[in-house]
Structures are given as structure tokens and as C-alpha cells.
Amino acid sequence: MRDLTVYNSLSKSKETFIPIHKGLVGMYVCGPTVYSDVHLGNIRTFMSFDVIFRYLKFLGYKVRYVRNITDVGHLVGDEDEGEDKIAKRAKVEGLEPMEVVQKYTNGFHDMMRIFNILSPSIEPRATGHIIDQIEMVQQILDHGFAYVANGSVYFDTLKFAKEKGTYGKLSGRIIEDLLQETRDLKNQGEKRNAADFAIWMKADDRHLMKWNSPWSVGFPGWHLECSAMSTKYLGAHFDIHGGGNDLKFPHHENEIAQNEASCGCAPANYWLHTNMLLMNGRKMSKSDGNTITAEELFSGHSRHVEKPYSPMVVRFFMLQAHYRSTLDLSNEALLAAEKGYKKLMEANAFLQKIKTEDSEKNAAIETKIIQLIDETFDELSDDFNTPKALARLFELVPIINSYKDKKEGFGNISAPTIELLQDCFDKVLFEIMGLRDENARSDPGSEGALDGVMQFIIELRQEARANKDWGTADKIRDVLQAQNIVIKDGKEGTTWNLK
RNA sequence: GGUCGGGUGGCCGAGCGGUUAGGCAGAGGUCUGCAAAACCUUGUACGGCAGUUCGAAUCUGCUCCCGACCUCCA
């Protein structure tokens, strides 16, 4: 197995990835809070972890990938009296909270499918794990790192920080600074310190989602569900924990604290964080409206974009940036990605059709190809560097295309090398990067029929061309073009493909 | 205000001590009835100012911008 290097947010450096159990990887990623449609920023994060999941599997690891659905406890606003996001939405839409949850969970799953993001191994919901969460609250209380106040339970951050000395390690926060926050929080009354946070909250009568507990009828705190569910399915100590950069603090920091307080050990060895998707140079965010939806991208109906872009173009666009860098979305960048994506897919489609035959081989090119293939996997193994891996693939494209033209000096590639190349493109593009060839005629039933018709039309056009009837030849091409079918007259005959 | 990250050629985006990253756009050429595609050739950029070094986009200091987190967000 190739050595894999990952950037660990905990150490702020790249480390060699060594799983706790040989050959097995446990990975937990914070999923969405299902109170509204997913937006592109979420999608980028889940797509990044999708590639990570796919690559780990490619390397031969058996991966248990847990990605939760948060459907309770996430509050609006910055103080503990804020409304639950789901409950608020339920009121607005006149639905049962669970209907809201189902609606947006369905929407989320649809979007994951559209972007070819694989389902995780387990997708647990917070509301399905209330008992586990109550047990964890109890453990934290038993260990003295929480206190009950008026039916709610708060995590005693200061005590935890003093005794364990690890609080703030992930996010670089210093407890003293947090305590000195002068921000004017309305509901500080029950908390001993500003840095404390609720792990169980007493619900008022009007609250829609609430459960019985030893402390009150209420609901779990936002950070708790991840601690409880990761522990339940991956154990107290697992390999990778991931999420968006904006979750580092307070969410992940508090998650770590909860885990340590309940079972005495840090939950994950490696913390991976994806960076933000930007638009207009600013974070794309649900709450401030600086956003574009996936549907708007697909339809082109947005002032930020001048034409529609397909899901795979968007996926490719995101793959061209490293997951730890911010990525600025713009029409121009999308346009460039679309061209590049098509070029790569066309080269691949041609490559996969090459019949291997033994012929005189060119040692220099053989070496170059093998080296580039090797480098492609090196890049992926270096903290999942998809942009660099794609760059190597793009360097292979001219070699592939020159084979098409049967130019002097190229084309003399041995069968095993061609097979290696075919395998590399297939694995990297589809299995690892999760792309799909949108140009490929996907419906096998209609393919035969359309292909037959196209062969006939191309034949007719060839006759016209042979008779130098350029008018007819061009008309056929123009009409087909209007139907989004592109005709290309190559040296080896005419080919066609759907635009 | 505190903490952290970033400023790379027309655009996107890698790299982080010595190499052409790559994509898109642009220019010239080959091919072609014309086109498209493909192929070949072409661009010497790293916010600014000092410094370290044989050598810096890459390290250090200062400085100017921008962003993220600190409050719900992937």
C-alpha cells in the first residue's frame, strides 16, 4: 500500500496516515442540519470527503464512514434561548418537525446523488439517538465536568480546561480569552462561565421537539449528537474526523471536550477540515444570502452565472482546487472548468476505445507515461491533492490525442502500457474522483438506434461532400448542431457526439 | 479587538528554497472544401519594502490589502 499523508488540523501539519487497526479506517464527518436546502458550500465539503472516502477505499482500506444528519438541537441565534432551527422551519412551513426533517433530508440525498457523492456506511440521525445522548450527558455529569441548572445541563468548560489542559487545542483558542469575551449574551444567567455550553436543554411548553430525561423534558445540545453517534458507531477512539472549517470552533472543540469528559480519551487521531467555497471573494453562506443554489447553477438562472452548468462540471471545478484552500466561484472559472472537463472526458473516451496491439515501442514515451501515472497517485496520496493529480492527467492528454492522429514519434506504445493508462484514467476519473462522463451515451437502448441513424446521416453527408455539395454538407452539420449534436471530420472519418 | 489563513501571469488554480505545475482565454502554425476537434510552438507571474542564502514566489522582519473564526453556518 502506498503511504498516505494527511494534513491534521490538530497538529497543523502533514502526517503519515496510520490507522488504529491495520487495514481499517473509521471516519466521521459532520453532516448537514436539515432545516433548509443544501447549498453549494455543503456540497463542496461532502464532495471533498467523498473523494477522501473513495481514495481510502481505493488504497485497499475497509472504511466505515459515518456521516450524521442533525435534526434537533441546532439553535438559531447566539444564546441558549434561541429557537431550534427545525422547529422554526416547521412553524414557517406549517409542518410537523419530522416532516421538515424528511423533506430536507430527501432533498439532500437527491443532491448527493446528482453530484455522484457516495452514501456513507452509516447515516445516523440525532433524534434517533436521544438515549445515547442522555447517557453521555450522565457520564459527563458523573465525571464532574457538567452541572445542572434549572433543568438544563451545562458543560463546565473552565473546569475541564483546567484539569485536562487540552481545551482549545484544535481551534487555537485560549480559555482565558474566551472567558474574557465581553460580548453581551442575554442568557448567561444559568451558565457559570461564558465559555460553558449546554449539553441538555430544558424545553418550554411550546417547544415541539422534546424528550424526557433525568433533568427535564428537553432536548440535547447541538454538539452532543456528534460525540454520541461517533462513539456509538466508531468507538471512543477512531481514525478520522472531518467537517467544514467553520465547525472547528465551537462545534469540534466542544465535541472533543465532551468525548474526553465522558470517556477520558480524544475521539479522533486525525482531524481534517475543508475550506470554504467563496463567491465574490466572501464565504458562501446560508445565513447572509451570499449564495447560489445548485439548481440555479444547473438552470443558469442566477445573476452570478451566464449559462447553465452541469453537475459534473461543478464537481470537476471543485476538484481543480485543493480541499484545504478556499475556492472562489465565478462564471469565468466555471466556463474554464467546463472546457477542461470536456477535453479530459473526450481524451478518456478515445483512450478507452484504443485496441491494444503489439507494435514497435517508443521507450521515451513509455517511460514518460508510466512516470506521469505514478505521479498522479503520488499526488493523491499527498493529502488528496486532486488539482495536482488532474494536472498530471492533463499532461497525459496530448500523448493520448497524438495517438489519435497517428503522428510520427507517438503511437508506438506497448499494449501493457496502454492498458495501464486506460486503467489509470478509469480509476482516477471515475472511481476516485467520482466524475461521470456526461457526454457518454448513457441509455444503451436508445444508443443503438441513435447511433444507427447517425451513421446513416454521416454517410449521406459524406456523399454530399464527395460531390462537393458543400451546401448540403454544411446544412446537415448546422441542423445537427441545433440539436446539440456535434460533427467532427477527422482523418479517420467523421465522428459525432452530443454536446 | 483577539486568533488563524491568504495575496501567484488576462481569469481559475497548484507549488512553499534551485525544476515548464495544470486548466481556460490569447498569439502563430499544421491539418481541413469550410468549420470544429486534434496536434505543434509561444507567455516567465508570484502585493510592497528590507533581510537571510551561492540561490526566495517559497525562510525572517516590517508594511499594505483581503478573508475566515471568535455568534447559527460545510
Next item on the list: Give me the Debye-computed log₁₀ of I(q)/I(0) at q = 0.18, 0.22 Å⁻¹ for segment A:444-498, equal point scatterers on Cα only, no solvent, two decimals.
Entry: -0.58, -0.85
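Using only the alpha carbons of chain A, what is the convex hull's orientation-averaged projected area in square nanometres? Could the numbers behind the result be given before it?
Working: hull surface 111.4 nm².
Average of the hull's projected areas for chain A equals 27.9 nm².
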Next item on the list: Give the accessible surface of chain A per residue, rounded to a whole number of Å², with probe radius 1.4 Å and ligands, DNA and RNA excluded.
Entry: 46 Å²
Item checked: Peptide ranges A:219-226, A:271-278, A:109-116 listed from the most packed, as the mean C-beta count within 10 angstrom indicates -> A:219-226, A:271-278, A:109-116
Next item on the list: State to the nearest 20 debye the size of the charge dipole of chain A about its Cα centre, where the only charges are +1 on K and R beta carbons and -1 on D and E beta carbons.
Entry: 440 debye
Margin query: Among A:227, A:364, A:454, whose Cα projects farthest towards the positive end of the dipole of chain A, with charges put on the beta-carbon of Lys, Arg (+1) and Asp, Glu (-1)?
Written below: A:364
Margin query: What does the C-alpha gyration tensor say about the overall shape of segment A:260-358? Classify as rounded when a/c is under 1.5, otherwise prolate if a/b is larger than b/c, or oblate.
Written below: oblate
Note to self: For chain A, what does the helix formula give at 222 nm: sum of -39500 (n - 2.57) over DSSP H segments with n ≥ 4, over the residue count, nearest 500 deg cm²/dmol?
What the structure shows: -14000 deg cm²/dmol
Notebook entry, point to check: Going by the alpha-carbon gyration tensor, a ≥ b ≥ c the square roots of its eigenvalues, is segment A:19-274 rounded (a/c under 1.5) or, if a/c is not under 1.5, prolate (a/b greater than b/c) versus oblate?
Noted result: oblate
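Express the relative contact order of segment A:444-498 as a whole percentage, based on alpha carbon pairs under 8 Å and six or more residues apart in sequence.
21 percent
If I take every Cα pair under 8 Å that is 6 or more residues apart in segment A:261-355, average their sequence separation and divide by the length, what percent do I get for the relative contact order?
On the way: 83 pairs, mean separation 25.6, N = 95.
In percent, rounded to a whole number, it is 27.
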Checklist line | Entries in A:22/A:368; A:12/A:191; A:12/A:85; A:169/A:191; A:162/A:191 that, when Cα-Cα distance is taken, lie over 25 Å | finding: A:22/A:368; A:12/A:191; A:12/A:85
Check: Any idea what the alpha-carbon Rg over 2.2 N^0.38 Å comes to for segment A:283-418?
Finding: 1.31
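In segment A:279-432, carbon and sulfur make up what percent of the accessible area (probe 1.4 Å)?
Details: 3610 of 7200 Å².
Summing carbon and sulfur atoms, their accessible area is 50 percent of the total for segment A:279-432.
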Notebook entry, point to check: In whole Å, how far is the Cα centre of segment A:196-251 from that of segment A:6-25?
Noted result: 25 Å
Item checked: Alpha-carbon centroid distance for the pair segment A:457-477 / segment A:383-406, whole angstrom -> 35 Å
Margin query: Out of the total accessible area of segment A:444-498 (probe 1.4 Å, heavy atoms of protein only), what percent is carbon and sulfur?
Written below: 54 percent
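Please tell me the relative contact order of chain A in percent, rounded to the nearest whole number, where contacts are Cα pairs under 8 Å and at least six residues apart.
On the way: 744 pairs, mean separation 73.7, N = 499.
Here the relative contact order equals 15 percent.
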Notebook entry, point to check: Which order, highest average first, do A:337-348, A:321-332, A:30-41 follow once you tally other Cβ atoms within 10 Å for each residue and take the mean per peptide?
Noted result: A:30-41, A:337-348, A:321-332
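Just the number, please: percent antiparallel of the DSSP beta bridges in chain A, rounded to the nearest 5.
Working: 25 of 47 bridges.
About 55 percent, rounded to the nearest 5.
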Next item on the list: Would you work out the charge dipole size for segment A:212-290 about its Cα centre, treating the Cβ of every Lys and Arg as +1 and the Cβ of every Asp and Glu as -1, and quote it to the nearest 20 debye?
Entry: 220 debye
Checklist line | 13 Å Cα-Cα reach of residue A:62 towards aspartates and glutamates, excluding residues that sit fewer than 8 places from it in its own chain | finding: A:239
Note to self: Quick check: the distance between the Cα centres of segment A:81-136 and segment A:29-66, to the nearest angstrom?
What the structure shows: 16 Å
Next item on the list: Specify whether the C-alpha gyration tensor of segment A:1-153 places it in the rounded, prolate or oblate class, a ≥ b ≥ c being the square roots of the eigenvalues: rounded for a/c under 1.5, otherwise prolate if a/b is larger than b/c and oblate if not.
Entry: oblate
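The values are calculated or read from the model by the stated rules, or taken from the named source; none is laboratory data. These numbers were taken from a predicted model, which means no experiment stands behind them. In this analysis, Cβ positions are derived from the backbone assuming ideal geometry, glycine residues included, and neighbour counts consider all displayed protein chains. Keep in mind that these areas ignore ligands, DNA and RNA; they rest on the heavy atoms of the full protein, side chains included. Shrake-Rupley method; radii C 1.70, N 1.55, O 1.52, S 1.80 Å.
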